[in-house]
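Participant: Structure provided below as structure tokens; questions to follow.
Coordinate-derived values only; no laboratory data. Since the model is a prediction, treat every value here as computed from it, not as a measurement. Glycine gets a Cβ as well: all are built from the backbone with ideal geometry, and neighbour counts include every protein chain shown.
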Amino acid sequence: MKKIAILGSTGSIGTQTLEIVRENSELQVVALAAGSNVELMERQIREFRPALAAMWKEEAAEELKKRVADLEVKIVSKMDGLLEIATLESVEILVTALVGMIGIRPTIAAIEQGKDIALANKETLVTAGHLIMPLAQKKGVSILPVDSEHSAIFQSMRGEKKEQVEKILLTASGGPFRGRKREELTQIQPRDALKHPNWSMGRKITIDSSTLVNKGLEVIEAKWLFDLTLEQIQVVIHPQSIIHSMVQYRDGGIIAQLGTPDMKLPIQYALFYPDRMPMKGKRVDFYELGTMTFEKPDISTFEGLALAYEAARIGGSMPTVYNAANEKAVSLFLEEKISYLGITELISDAMKHHQVIYNPNLEEILKTEQESYQYINEVVGK
């Protein structure tokens, strides 16, 4: 019986992780954490009976306590609650499915306690990869990627020597606006950007996919996960989302991982690694698929990807600015306070404004995040 905890249990990755638990008696949920969705958290607690549950919002935690007073579960809140879950002695693997930099401190705390990480929180490595990866190596902890692309790379490198990797080919669907030019994106509304052609994801990540910022975050994450240079990371637009990513070796051979666009596969692979367990669901039918196509990303239209490479090349605190500025800009776009193209414009402005801190510690990373939020609020006049 493998004991797991899930940070972000009411979100897209969290709920799909619990679907996998339902189908696998070898998994036991011992702790859950969410933001403010008390109703769904109550249902999850009653079904999976964790010993510990956390809500980010204190008032949500108080409401949850009343709702589950008949059960033997401890309810905690805020960052202290997340840290209590991350360091819970019984947890063997922590699924980090929180959105935002809120996931960094719990991830570090869990690694310090020797717990493996099923990583679905991009911001952790994007902003603090220089802290996380050396710590994981020191503690002998596995960082198991849950992103479909990074899981594909992880699977394609299994059994191979890292020094023989020539480059990785990170695939992207291209999002709902693939093929459009910049002038065609001036009137885009949130409802348009939330229509992803292949994947079912949360609102923020769906917007990120449409701007290619999500792919930019994945480029930076891949750099840390697989210890690669930026020159070894190539983004390829693959609209069918069947090849989840590829690894090219120095002899020219390419190994790819293919499958239907379903996040449950990479989640389950991380939870059971190194084993592959049976999983229900649709399989790829190549007769039905017919063709697969590939394109070069249009970085002049979708500047978010180019800005990611720039932030990664500069390094230090700049990826934190890239991430935080995007997070704030997406929020403003969803509130219809800025235009669609304003998202990447604000990211660029914030990066130009920032004075880089090289090799920042955790406190400096978190301070940079807040300064980026503040700068954008001032620019937008909020």
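Participant: Report yes if some residue within the range 267-274 is loosely packed, with under 15 Cβ neighbours inside 10 Å and touching a strand residue (DSSP E or B) at 6+ places or on another chain (Cβ under 7 Å); otherwise report no. Step through it out loud before you land on a result.
Facilitator: The initial filter retains those residues of the range 267-274 that are loosely packed, with under 15 Cβ neighbours inside 10 Å, namely 274.
Filter once more, so that each one left must be touching a strand residue (DSSP E or B) at 6+ places or on another chain (Cβ under 7 Å): none.
No, the range 267-274 has no match at all.
Participant: Here's something else I'd like to know. Go through the range 26-100 and tell me which strands (runs of 3 or more DSSP E), entirely inside it, have 2 or more residues that are closer than 26 Å to residue 125 by Cβ and of a type outside the set (A, V, I, L, M, F, W, C). Please lay out each step first, then the result.
Facilitator: Values: elements: 27-34, 52-55, 74-77, 93-96.
Here the list is empty.
Participant: Find the residue count for the range 110-128, including only residues that are assigned to a helix (DSSP H, G or I) and surrounded by fewer than 18 Cβ atoms within 10 Å (Cβ to Cβ). I'd like the intermediate steps shown before the answer.
Facilitator: Initially, the range 110-128 is screened for residues assigned to a helix (DSSP H, G or I), giving 110-112, 122-128.
Filter again for surrounded by fewer than 18 Cβ atoms within 10 Å (Cβ to Cβ), leaving 112.
Qualifying residue count, the range 110-128: 1.
For (1) under 22 Å from residue 13 (Cα atoms); (2) touching a residue at least 12 places away in the same chain (Cβ under 8 Å); (3) crowded, with 18+ Cβ neighbours inside 10 Å, each residue gets a yes or a no:
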residue: 185; (1), (2), (3): no, yes, yes
residue: 202; (1), (2), (3): yes, yes, no
residue: 207; (1), (2), (3): yes, yes, yes
residue: 212; (1), (2), (3): yes, yes, yes
residue: 218; (1), (2), (3): yes, yes, yes
residue: 232; (1), (2), (3): no, yes, no
residue: 237; (1), (2), (3): no, yes, yes
residue: 243; (1), (2), (3): yes, yes, yes
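Participant: Pick out, from the range 137-242, the strands (runs of 3 or more DSSP E) lying fully within it that include 1 or more residues that are polar (S, T, N, Q).
Facilitator: Numbers: elements: 143-145, 165-172, 233-237.
Qualifying strands (runs of 3 or more DSSP E): 165-172, 233-237.
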